[in-house]
């Protein structure tokens with residue numbers, strides 16, 4: 001009996017408080033009121049999110065490397081607001097608006113005559129089916145650069161499955177459509193769950209940028225701390 005109790009303690013399931021987000025995107029499952037998390041990815045990218053009410057949350061991020069490697073216009077940062085709620089235990093709806101202050105890094109080439117927008121707004125309608133342990137999120141919307149709406153819609157797909165007591169597999173995909181050239185970004189990996197701390201280990205892939213790191217994409221490591 002003693003051995004059985006010890007084994008049971010070893011495989012105890014931590015309370016999953018990370019069902020509101022994937023690697024970079026979010027589900028429609030709302031953050032709990034007056035709770036939030038801080039996430040650090042590869043030391044440079046720092047993000048925070050907080051639930052103001054049971055349905056309204058805000059967040060933002062800052063890339064530290066861009067503080068010293070960005071051109072005029074400041075660093076890469078985001079600001080985000082989301083309204084979401086649960087129609088039942090497995091159906092969740094939401095909408096979000098995110099502003100990305102995207103800057104061209106030092107050393108990157110910009111075609112002559114190209115106008116770089118000061119930033120990009122992305123508005124998404126979101127639908128999540130499932131719970132904090134097993135879920136799938138579908139989102140779609142539009143982008144706006146402050147002067148005009150993007151020529152094609154943007155889509156986001158995310159999913160998570162708690163395959164082991166404290167291990168969750170996570171996947172996330174972005175599709176930016178454009179009449180001239182679509183941009184697709186993917187990420188795959190797993191999350192080690194703890195009561196207050198979670199560790200993400202994954203691989204991000206797109207044909208244009210991450211393949212310059214390795215042929216199969218860019219490995220990444222994140223730590224998420226609840227508060």
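The values are calculated or read from the model by the stated rules, or taken from the named source; none is laboratory data. Bear in mind that the values here come from a model prediction, so they are computed numbers and not experimental data. Cβ atoms come from the backbone with ideal geometry, glycine included; neighbour counts cover every protein chain shown.
At-a-glance table
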read-out	value
Any chance residue 159 is within 23 Å of residue 220 (Cα to Cα), modelled with pLDDT of 90 or more and part of a loop (DSSP other than H, G, I, E, B)	no
Qualifying residue in region 156-163 (condition: loosely packed, with under 13 Cβ neighbours inside 10 Å, in contact with a strand residue (DSSP E or B) (Cβ under 9 Å, 6 or more places away or on another chain), without any contact (Cβ under 8 Å) to a residue 60 or more places away in the chain and more than 25 Å from residue 120 (Cβ to Cβ))	yes
Count - residues of region 209-222 that are under 19 Å from residue 47 (Cβ atoms), surrounded by 14 or more Cβ atoms within 10 Å (Cβ to Cβ) and either modelled with pLDDT of 95 or more or in contact with a helix residue (DSSP H, G or I) (Cβ under 7 Å, 6 or more places away or on another chain) (or both)	4
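Residue-by-condition table, conditions (1) outside any strand (DSSP E or B); (2) out of contact with any helix residue (DSSP H, G or I) (no Cβ under 9 Å at 6 or more places or on another chain); (3) more than 21 Å from residue 91 (Cα to Cα); (4) touching a residue at least 24 places away in the same chain (Cβ under 8 Å):
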position: 28; (1), (2), (3), (4): yes, yes, no, yes
position: 32; (1), (2), (3), (4): yes, yes, no, no
position: 39; (1), (2), (3), (4): no, yes, yes, yes
position: 43; (1), (2), (3), (4): yes, yes, yes, no
position: 46; (1), (2), (3), (4): no, yes, yes, no
position: 54; (1), (2), (3), (4): yes, yes, no, yes
position: 57; (1), (2), (3), (4): no, yes, no, yes
position: 62; (1), (2), (3), (4): no, yes, yes, no
position: 67; (1), (2), (3), (4): yes, yes, yes, no
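Residues are listed down the side, and each one gets a yes or a no for (1) under 30 Å from residue 144 (Cα atoms); (2) modelled with pLDDT of 90 or more; (3) out of contact with any helix residue (DSSP H, G or I) (no Cβ under 6 Å at 6 or more places or on another chain); (4) surrounded by fewer than 14 Cβ atoms within 10 Å (Cβ to Cβ):
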| position | (1), (2), (3), (4) |
| --- | --- |
| 178 | yes, no, yes, yes |
| 185 | yes, yes, yes, no |
| 195 | no, no, yes, yes |
| 200 | no, yes, yes, no |
| 207 | yes, yes, yes, yes |
